Amino acid sequence: MRVVRFILRFFGWLLTPLVAWAASFLGAVAGARLSVGLRSGRWSLVVTLVCGAVAAALAAWGWLALLRRSRTLRKTLQVTKEGAPVVTLGTESPRSES
């Protein structure tokens with residue numbers, strides 16, 4: 001069970017870069033579609049790159065904003081408000097004694 005939990009956390013930690021990568025790809029595709037009418041290949045490339053970078057930045061910003069607002073999502077993925085993995089030294093996550 002610990003292995004499955006570790007694998008799920010690991011893939012949960014990879015969601016932030018995966019979301020940014022997917023958004024950059026879709027932004028670049030949208031930028032390429034927008035730049036079809038441009039005469040210069042250089043400007044078409046610039047438009048594609050800028051659209052991809054803006055889409056990636058917006059997706060990463062939105063994902064991190066979602067992590068900051070959702071305590072349940074942070075707990076499930078075992079990440080801090082900044083999206084960094086929670087590192088514990090024990091075998092289980094720390095629990096407060098009541």
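Rule-based calculations on the coordinates, nothing more; no lab input. This one's a predicted model, so the numbers in the text were calculated from it and none came from an experiment.
Using 0.36 nm per residue and subtracting the Cα-Cα separation, the extra length available between residue 82 and residue 21 on full extension is 20.1 nm.
List the relative contact order of the chain as a percent without decimals, with contacts defined as Cα pairs under 8 Å and 6+ residues apart. 28 percent. Our coupling estimate for the range 76-81, obtained by passing each phi through the Karplus curve with A = 6.51, B = -1.76, C = 1.60 and θ = phi - 60°, is 5, 7, 6, 10, 7, 4 Hz, Gly and Pro reported as x. Give me the Kirkwood hydrodynamic radius of the chain in Å, from all C-alpha pairs, to one decimal place? Computed over the chain, the radius equals 15.6 Å. Length gained on full extension, residue 73 to residue 43: 6.7 nm, using 0.36 nm per residue less the C-alpha separation.
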